[in-house]
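Shown next, in C-alpha cells, is the structure this report addresses.
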Amino acid sequence: MPRQRKKPTSAPDAGKGELRIIGGDWRSRKLTFPSVGGVRPTPARTRETLFNWLSFHLPGSHCLDLFAGSGALGLEALSRGAGSAIFVDHTKALAQALRSNLRLLKSENADVTCQTVDAFLEQLPGKPVDILFMDPPFRQGWLERLFPLIEDNGWVKPGGWIYVEHESELTTPAVPNTWHLNRQKTAGQVTYCLFQKEG
C-alpha cells in the first residue's frame, strides 16, 4: 500500500501576516507583511478607539510611525486624511513590505526609513510632526530611552500628539513635563496612552 504524503501543517503563506485597514479611503483593503521580528499590529478595536480620539486632528497632519512593523498606525492615519507619514523600522523585510504596500495603495506622501528608532531620533527632524505613534517591542525598556530623545530633539510640535503602547503590567514611565495625558485605556495585555504636548 503506497504511503500517504503528509499534508503540510501550515499554509504556503504562513510566513505572512495580514493587516486590514478599517477606515478612510482605503477602508477594508487587506495588506500582507512578513511575520518577522515579533511584529504585532495594533488590533483593529484599539485602532478604532485611537482614531476616534484623533479624528479632528488627522486631516492634513504630518505623522511619524516608530517601530512601524506592518505600518498599521501610519497607514490608517494616511487612509483617514493625514497629509504625510514617515515610517521607521530597523527590519529590512518589513521596510521593503511597507514600501511595496504604499506603492500598491498609490500613496505618494509617505517615506520609509530602515533604521533603528533610537538612531533615527538622535537626528534633528526636518520639521516637527503633528502626531507621533510609538508601539515598541515589550519588556525592552524602549520608552524610558526614547521619551527624552523625542522631547530634547523637538520631534513633536507644540500642541502635537504622542501615542504610546506598552505592556499592561508596566506603569507608564515618566514623560517629559510638557506632555499631558489626554486619554488612556487598557485592553488585555496592552495599555495605550495619548499625550498632548503643551502648545
Inset, instruction - Sort out which residues of the stretch 60-82 are of a type in the set (S, T, N, Q), surrounded by fewer than 24 Cβ atoms within 10 Å (Cβ to Cβ) and in contact with a strand residue (DSSP E or B) (Cβ under 7 Å, 6 or more places away or on another chain), and write them in order of number. - result: SER61
Inset, instruction - With respect to ASP152, determine if the residue is modelled with pLDDT of 95 or more and under 24 Å from PHE51 (Cα atoms). - result: no
Legend entry - strands (runs of 3 or more DSSP E) (entirely within the stretch 107-193) containing at least 3 residues that are surrounded by fewer than 17 Cβ atoms within 10 Å (Cβ to Cβ): 156-167, 179-187
Inset, instruction - Take THR116 and decide whether it is out of contact with any Gly (no Cβ under 7 Å at 6 or more places or on another chain) and under 22 Å from GLY159 (Cβ atoms). - result: no
Inset, instruction - Mind listing whichever residues of the stretch 91-126 are touching a residue at least 40 places away in the same chain (Cβ under 8 Å) and under 25 Å from LYS30 (Cβ atoms)? - result: THR91, ALA93, LEU94, ALA97, LEU98, ASN101, LEU104, LEU105, VAL112
Legend entry - Subset of the stretch 163-194 (residues that are over 17 Å from PRO137 (Cβ atoms), without any contact (Cβ under 8 Å) to a residue 60 or more places away in the chain and among the aliphatic types (A, V, I, L, M)): ALA174, VAL175, LEU181
Legend entry - All positions within the stretch 6-58 that are surrounded by 12 or more Cβ atoms within 10 Å (Cβ to Cβ), at pLDDT below 90 and part of a loop (DSSP other than H, G, I, E, B): GLY15, SER35, VAL36, GLY37, VAL39, ARG40, PRO41, THR42, PRO43
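The values are calculated or read from the model by the stated rules, or taken from the named source; none is laboratory data. Fair warning: this is a prediction, and the values are worked out from it, not measured in the lab. Every residue, glycine among them, receives a Cβ derived from its backbone with ideal geometry; neighbour counts consider all protein chains shown.
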